[in-house]
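Comments concern the structure below.
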Amino acid sequence: MVERLSFEDQIRTNKIKSVFLMGFIFCIFLVLGYIFSIIYDPGAFFIIMILSIIISMLYLIISYYNSDKIALASVNAKKASPTEHRMLYHAVDSMAIASGLPKPRIFVMESNQINAFASGRDPQHAVICVTTGLLNKLNKQQLEGVIAHEMAHIANFDIRFMTLTAVMVGMISIASEIFLRSLWFSGGDNRDKGGAIFIILGIILAILAPILAHLVSLAISRKREFTADATGVKFTRYPTGLASALKAIKNEQAPTSQDKHHYAKAMAPLFISNPFKSNISGLFATHPPIDERIKRLEAM
């Protein structure tokens, strides 16, 4: 007998894991700062950290307030028609009622693939975009499952969460870059101050910290997908719809170069499934394995 999973438990567990991983990224930043403070005098250390924070905050402000516009423009999406895309409008209306959220603006992008994404800084400024392939290939229950998943991203403030994650990763990357360049231009003047061991440790950490932070951000992205799946089930009370849609996505042929042309690589984490159908898995994957997602849904 297969043990049944509770979507409420799945939501709670994945949210806790996401917050824990976010805390881990912050700890990386603190350790990086500590090592830099040992190597440099406090004044230089604060300059590095302040510069990285200012640049990252500028990115946050631009991305946060324009996330929906940037996402839609990158895939050349068009506003959906209430008459031509009637079933899509009905699905969004139903899921907005089920979730208790404002109805998001609805867009359609040209692509033969089955895919969709949500964006926007909060439920009041949210958008949902689906591909023409999704509209042509999915039935009503499958479509509602996908829309519920995207509404779940909106309800869980995932765009805000992932933007904050990107900013923290950016802070680490910028601080590391400034540190490495300062060592290059200083010509080794800091060796006596920090000691050779701390210089070497600082270089290793400056190289590895951005990579580690990026891997953690990918882990957060995968957890948010599991959470959105479970929250989508909470809205529909029908896990079969989303599971069936994911099976349809899994069984699609590999995307052609023309299909890939419709997507920006930076947008890949936003979609319900990686549009590039990459063979990358494990730590470097933007999405959890689709088989694992289906398995969890079927166990709910």
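Observations on the model:
- Rel. contact order, % - alpha carbon contacts under 8 angstrom, at least six apart, the stretch 7-298: 27 percent
- Around MET87: net Lys/Arg minus Asp/Glu count, Cβ-Cβ under 14 Å: 0
- Set LYS140/LYS247; LYS137/LYS223; LYS17/LYS140; LYS103/LYS295 screened for pairs whose C-alpha atoms are more than 22 Å apart: LYS137/LYS223; LYS17/LYS140; LYS103/LYS295
- Here the stretch 7-298 is assigned +1 on the Cβ of each Lys and Arg and -1 on the Cβ of each Asp and Glu. Its dipole about the Cα centre then comes out at about 460 debye.
- In the elastic network of the chain, a GNM with C-alpha springs shorter than 10 Å, the most mobile of PRO104, PRO269, PRO255 is PRO255.
- Rounded to the nearest Hz, the phi-derived 3J(HN,Hα) couplings of the stretch 156-166 under the Karplus curve 6.51 cos²θ - 1.76 cosθ + 1.60 (θ = phi - 60°) are 8, 6, 5, 5, 4, 5, 6, 5, 4, 4, 4, where x marks glycine and proline.
- Divided by 2.2 N^0.38 Å, where N counts the residues, the Cα radius of gyration of the chain comes to 1.12.
- Residues MET162, MET151, arranged from fewest to most other Cβ atoms within 10 angstrom of their Cβ, appear as MET162, MET151.
- Based on the Stokes-Einstein relation at 10 °C and a viscosity of 1.306 mPa s, and on the Kirkwood radius from alpha carbon pairs, the stretch 99-190 is assigned a translational diffusion coefficient of 100 µm²/s.
- Relative packing of peptides 25-31, 140-146 - highest average C-beta neighbours within 10 Å first: 140-146, 25-31
- Of the residues MET109, HIS85, ILE290, the one whose Cα sits farthest towards the positive end of the charge dipole of the chain is HIS85 (charges of +1 on Lys and Arg Cβ, -1 on Asp and Glu Cβ, taken about the Cα centre).
- Crossing angle, helix 239-250 versus the chain [Cα axis fit, 0-90 degrees, rounded to tens]: 70 degrees
- Candidates ARG222, ARG160, ARG181: whichever shows maximal mean-square fluctuation once the chain is modelled as a Gaussian network with Cα springs under 10 Å: ARG181
- q = 0.18, 0.21, 0.26, 0.31 Å⁻¹: log10 I(q)/I(0) that the Debye formula gives for the stretch 54-107, counting C-alpha atoms only: -0.75, -0.86, -0.99, -1.08
- Ranked THR227, THR286, criterion: other C-beta atoms within 10 Å, fewest first: THR286, THR227
- Vicinal HN-Hα couplings computed from phi for the stretch 85-90 (Karplus, 6.51 cos²θ - 1.76 cosθ + 1.60; Hz; Gly/Pro x): 10, 4, 5, 5, 4, 5
- The long axis of helix 196-236 is offset from the longest Cα principal axis of the chain by roughly 20 degrees.
- Mean Cβ neighbour count within 10 Å, used as a protection proxy, ranking 82-93, 210-221 highest first: 210-221, 82-93
- Put in line by how crowded their Cβ is, counting other Cβ atoms within 10 Å and starting with the fewest, HIS261, HIS287 read HIS261, HIS287.
No lab work stands behind these numbers, since they all come straight from the coordinates. Being a predicted model, the structure only gives us computed values, none of them experimental. Note that we place each Cβ from the backbone using ideal geometry, even for glycine, and neighbour counts take in every protein chain shown.
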